[in-house]
Amino acid sequence: MKAHTKETQAAITSENALNLLKEGNSRFQNNTPLDRDLLGQVSDTSKGQYPFATILSCIDSRVSSEIIFDQGIGDIFSARVAGNFVNEDILGSMEFACKLAGTKIVVVLGHTACGAVKGACDDAKLGNLTALINKIKPAVEAVKEPEDSNLRNSSNIEFVNTVAEQNVHMTIDNIRNQSPVLKEMEDDGVIKIVGAMYNIQDGSVVFY
């Protein structure tokens, strides 16, 4: 399978892009990946890249966007940080990916049993990790149930996963509020900005 060209990228709409990711995850779950010549795609993309999607995900080793969406070289821009939140640098990267490089969708991808979210739930402190976790704490505070403090920690996996989902929604809000470039592109229908959750137990992705 050849890598995307300028022409094939231009033909993809934001809705098409979402469907391509859904279809790719379905192939991943069914263990029926497309037959790709990855070295051939290296050659295809040596003079230019035309990805169709930008995906912000966690650094978790189990959540590689290229794998779980069955994509090849040159198909997606992959931004990764523990807890899949945005800052100025990631927003700038997304603006480059969409406005200048032509991707048609931005996906904020959280996942179940997220270690960074667990750390935020437990108010963990460790060097620079402390500042990172502080960026996820607003999602912890936004989840009101359970009220019992003994249940609002990493030992309650249901709470952890609810916080992870809330963090995805809040990250999308932050993208729209902090990037006029991406907000305008979304309003004009050029791109979609969507959230999703990856289940580390069965490989499925649920889109919001």
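The values are calculated or read from the model by the stated rules, or taken from the named source; none is laboratory data. Since this is a predicted model, take the numbers as computed values, not measurements. All Cβ positions, even for glycine, are placed from backbone atoms using ideal geometry, and neighbour counts span all protein chains on display.
If you go through segment 187-197 one residue at a time, do you hit one that is surrounded by 13 or more Cβ atoms within 10 Å (Cβ to Cβ), touching a helix residue (DSSP H, G or I) at 6+ places or on another chain (Cβ under 8 Å), basic (Lys, Arg) and farther than 18 Å from Leu21 by Cβ? No, that holds for no residue.
This table checks each residue for (1) farther than 20 Å from Val205 by Cα; (2) touching a Pro at 6+ places or on another chain (Cβ under 9 Å).
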{"position": "Ile105", "(1), (2)": "no, no"}
{"position": "Leu109", "(1), (2)": "no, no"}
{"position": "Ala113", "(1), (2)": "no, no"}
{"position": "Ala116", "(1), (2)": "no, no"}
{"position": "Arg152", "(1), (2)": "yes, yes"}
{"position": "Ser155", "(1), (2)": "yes, no"}
{"position": "Asn161", "(1), (2)": "no, no"}
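For segment 117-133, does any single residue satisfy the condition of being farther than 30 Å from Ser149 by Cα and of a type outside the set (Ser, Thr, Tyr)? Scanning segment 117-133, I find no residue that is farther than 30 Å from Ser149 by Cα and of a type outside the set (Ser, Thr, Tyr), so the answer is no. The residues of segment 17-42 that are surrounded by fewer than 13 Cβ atoms within 10 Å (Cβ to Cβ) and assigned to a loop (DSSP other than H, G, I, E, B), listed by number, are Asn31, Thr32, Leu34, Asp35.
Only one residue in Ile105, Ile73, Ile12 is modelled with pLDDT of 95 or more, within 30 Å of Lys137 (Cα to Cα) and not aromatic (Phe, Trp, Tyr), so which one is that? Even if it seems obvious, please write down each step before you answer.
Numbers: Ile73 fails: within 30 Å of Lys137 (Cα to Cα); Ile12 fails: within 30 Å of Lys137 (Cα to Cα).
Selected residue: Ile105, the only one of Ile105, Ile73, Ile12 that is modelled with pLDDT of 95 or more, within 30 Å of Lys137 (Cα to Cα) and not aromatic (Phe, Trp, Tyr).
When you look at Leu39, is it farther than 22 Å from Phe207 by Cα and among the hydrophobic types (A, V, I, L, M, F, W, C), yes or no? It is true that Leu39 is farther than 22 Å from Phe207 by Cα and among the hydrophobic types (A, V, I, L, M, F, W, C).
Just one of (1) closer than 19 Å to Val190 by Cα; (2) part of a loop (DSSP other than H, G, I, E, B) fails for Ile55. It is (2). Restricted to segment 132-150, and to residues there that are acidic (Asp, Glu) and assigned to a loop (DSSP other than H, G, I, E, B), the residue that is farthest from Gln166 (Cα to Cα) is Asp148.
Among the residues of segment 65-90, just one is more than 20 Å from Gly102 (Cβ to Cβ), under 11 Å from the mean Cα position of the chain (by Cα) and outside any loop (DSSP other than H, G, I, E, B), namely Arg80. One residue stands out among those in segment 91-129 that are out of contact with any helix residue (DSSP H, G or I) (no Cβ under 9 Å at 6 or more places or on another chain) and assigned to a helix (DSSP H, G or I): the one that is surrounded by the fewest Cβ atoms within 10 Å (Cβ to Cβ), which is Leu100. You will find that of Asn153, Asn161, the residue that is touching a helix residue (DSSP H, G or I) at 6+ places or on another chain (Cβ under 9 Å) and not in a loop (DSSP other than H, G, I, E, B) is Asn161 and no other. Scan segment 56-87 for residues that are touching a residue at least 60 places away in the same chain (Cβ under 8 Å), out of contact with any Ser or Thr (no Cβ under 8 Å at 6 or more places or on another chain) and more than 19 Å from Thr112 (Cβ to Cβ) and the total you get is 2. Look at segment 24-41: where a residue is in contact (Cβ under 8 Å) with a residue 24 or more places away in the chain and farther than 19 Å from Ile55 by Cα and a partner is part of a helix (DSSP H, G or I) and of a type in the set (Lys, Arg), sitting 6+ places away or on another chain with Cβ atoms under 8 Å, you get Pro33/Arg27; Leu34/Arg27. Return a yes/no flag: does segment 136-150 have any residue that is hydroxyl-bearing (Ser, Thr, Tyr) and in contact (Cβ under 8 Å) with a residue 12 or more places away in the chain. The answer is no, given that none of the residues of segment 136-150 is hydroxyl-bearing (Ser, Thr, Tyr) and in contact (Cβ under 8 Å) with a residue 12 or more places away in the chain.
Does Thr130 meet the test of being β-branched (Val, Ile, Thr) and either farther than 14 Å from Gly83 by Cβ or touching a residue at least 12 places away in the same chain (Cβ under 8 Å) (or both)? Here the answer is no, as Thr130 does not meet what is asked.
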